[in-house]
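To start, the structure itself, in structure tokens.
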Amino acid sequence: MFFLNLDAAKLGLWEGGGIRTHGELKYGQLLANRGGAFLPGNTGMMLPVADLEEFVFSSIYLTQQFGDNATLMLGKINAVDLLAGDAFLGGWGNTRFMNLAFAAPLTGITPPVLMGAILSVRTDPFTFTFMVYDTEDRTLDYLPGDLFGNGVTSQLGAKWNGSMLGRRTSMGLSGTYSTKEGVNLSEVLLPSDLQTTTQKGSFNVALDASHYVYEESGRAVGLFFKGAIADGNPNAVQRSAVMGILANGMVPGREKDTVGLGYYFYDFSDDLQSAVAPLIEIDDEQGFEIFYRMEVTPWCSVSADLQIVNPATASRDSFVALGLRTNIRF
């Protein structure tokens, strides 16, 4: 992946503006999902949603700064990029946790690449975010003629950044609603001519929090949590929880290294589970992941990763997945 950010003022165009791009290409034959798991344990092989060796721009959007506290983003935006600034989640599955549950917690509504607008307003100590975007994934689209043809998704969020017990703390609340009409999951196995109802409207409400329990001389240990509830029909997700601990620089002589331990739980739609029960038994999915990232040089890091997953496919046993990653930054 590569990023190209242009400053509109320095290009002689307009003040406070910018152009942001993110290019990506998948290469190799590794599977994103293994062992009957619904959530990809290898985010890097799941995203972008494109064919192998197909280069795509997952982000091409304009930014505009209004004063010191408001920013507008407009265009094609990689949803995973929006978590890049998070201290615990995000990381594209390359630099921190590999599993999608941590790299980009699944809402069941937000597509991997969205097309629309995001307005962020920063106050003290709250940051408010309002998003409006198309309901469909736009990874392979650049100038779609059917924008908002299947509905619109809106999201409103607020985040507090402050201090608790003398340590950095944050808490956030967000609500997402989509007007997209979807298949009634209780009839998902019926032929289309026998399906009698559809479901219009889907939501996801999420609460997240993080707190540093230790900070000294560049070293830190922090806890994080994100929980969500959703409608469960037509949204295939009903409830979810992601939590863990992340530590930086705790090994003597390895101040730039990072270690993380996380747990995730996803409860999938009761209607979906009942509808497909004659063919396949779907259960909740949960898993643990631990990684250690060693900064070998300022431009190269190596990560070891271990996942233990109890998959949603009830007929499959729990499994262990091992991973080894190398990141080279130019």
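Okay, residues lined up against (1) free of Cβ contacts under 8 Å to residues at least 12 places away in the same chain; (2) within 23 Å of residue 20 (Cα to Cα); (3) of a type in the set (Ser, Thr, Tyr):
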{"residue": "80", "(1), (2), (3)": "no, yes, no"}
{"residue": "87", "(1), (2), (3)": "no, yes, no"}
{"residue": "93", "(1), (2), (3)": "no, yes, no"}
{"residue": "115", "(1), (2), (3)": "no, yes, no"}
{"residue": "123", "(1), (2), (3)": "no, no, yes"}
{"residue": "128", "(1), (2), (3)": "no, yes, no"}
{"residue": "136", "(1), (2), (3)": "no, yes, no"}
{"residue": "147", "(1), (2), (3)": "no, yes, no"}
{"residue": "168", "(1), (2), (3)": "no, no, no"}
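Each row is one residue, and each column tells you yes or no for (1) under 26 Å from residue 219 (Cβ atoms); (2) touching a Leu at 6+ places or on another chain (Cβ under 6 Å).
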| site | (1), (2) |
| --- | --- |
| 248 | yes, no |
| 253 | yes, no |
| 257 | yes, no |
| 269 | no, yes |
| 272 | no, yes |
| 275 | no, yes |
| 278 | no, no |
| 282 | no, no |
| 292 | yes, no |
For this session: Output yes when any residue across segment 39-51 is part of a strand (DSSP E or B) and either within 30 Å of residue 266 (Cα to Cα) or touching a residue at least 24 places away in the same chain (Cβ under 8 Å) (or both), and no when none is.
Result: no
Seminar exercise, completed: For segment 218-259, the count of residues that are within 30 Å of residue 180 (Cα to Cα), of a type in the set (S, T, N, Q) and in a strand (DSSP E or B) equals 2
Exercise. So, in segment 106-118, of the ones that are in contact with a Leu (Cβ under 8 Å, 6 or more places away or on another chain) and part of a loop (DSSP other than H, G, I, E, B), which residue ends up surrounded by the most Cβ atoms within 10 Å (Cβ to Cβ)?
Worked result: 106
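For (1) surrounded by 18 or more Cβ atoms within 10 Å (Cβ to Cβ); (2) modelled with pLDDT of 95 or more; (3) touching a helix residue (DSSP H, G or I) at 6+ places or on another chain (Cβ under 7 Å); (4) closer than 16 Å to residue 147 by Cα, each residue gets a yes or a no:
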| residue | (1), (2), (3), (4) |
| --- | --- |
| 70 | no, yes, no, no |
| 73 | yes, yes, no, no |
| 77 | yes, yes, no, yes |
| 84 | no, no, no, no |
| 90 | yes, no, yes, no |
| 104 | yes, no, yes, no |
| 120 | no, yes, no, no |
| 124 | no, no, no, no |
| 130 | no, yes, no, no |
Exercise. So which residues in segment 260-281 are buried (at least 20 other Cβ atoms within 10 Å of the Cβ) and closer than 22 Å to residue 43 by Cα?
Worked result: 260, 262, 264, 266, 268
Exercise. Of 185, 190, 173, 207, which residue is surrounded by fewer than 20 Cβ atoms within 10 Å (Cβ to Cβ) and modelled with pLDDT under 95?
Worked result: 190
Exercise. In the set 310, 327, which member is more than 20 Å from residue 220 (Cβ to Cβ), in contact (Cβ under 8 Å) with a residue 40 or more places away in the chain, polar (S, T, N, Q) and touching a strand residue (DSSP E or B) at 6+ places or on another chain (Cβ under 9 Å)?
Worked result: 327
Seminar exercise, completed: Across (1) part of a loop (DSSP other than H, G, I, E, B); (2) closer than 30 Å to residue 67 by Cβ; (3) of a type outside the set (Lys, Arg), residue 6 clears everything bar (1)
Exercise. Hey, among 18, 36, 12, which residue is assigned to a loop (DSSP other than H, G, I, E, B), touching a Ser or Thr at 6+ places or on another chain (Cβ under 7 Å) and farther than 23 Å from residue 137 by Cα?
Worked result: 36
For this session: Answer yes if at least one residue in segment 287-306 is more than 20 Å from the chain's Cα centre (by Cα), surrounded by fewer than 21 Cβ atoms within 10 Å (Cβ to Cβ), of a type in the set (Asp, Glu) and not in a strand (DSSP E or B), and no otherwise.
Result: no
Problem set entry | Verdict on residue 139 being in contact with a strand residue (DSSP E or B) (Cβ under 8 Å, 6 or more places away or on another chain), outside any strand (DSSP E or B) and not basic (Lys, Arg) | yes
Exercise. So, in segment 17-45, of the ones that are under 19 Å from the mean Cα position of the chain (by Cα) and among the small types (Gly, Ala, Ser), which residue ends up farthest from residue 324 (Cα to Cα)?
Worked result: 23
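The values are calculated or read from the model by the stated rules, or taken from the named source; none is laboratory data. Note that this is a predicted model, so its numbers are computed, not measured. Counting neighbours? That spans all protein chains shown, and the Cβs are built from the backbone with ideal geometry, glycine included.
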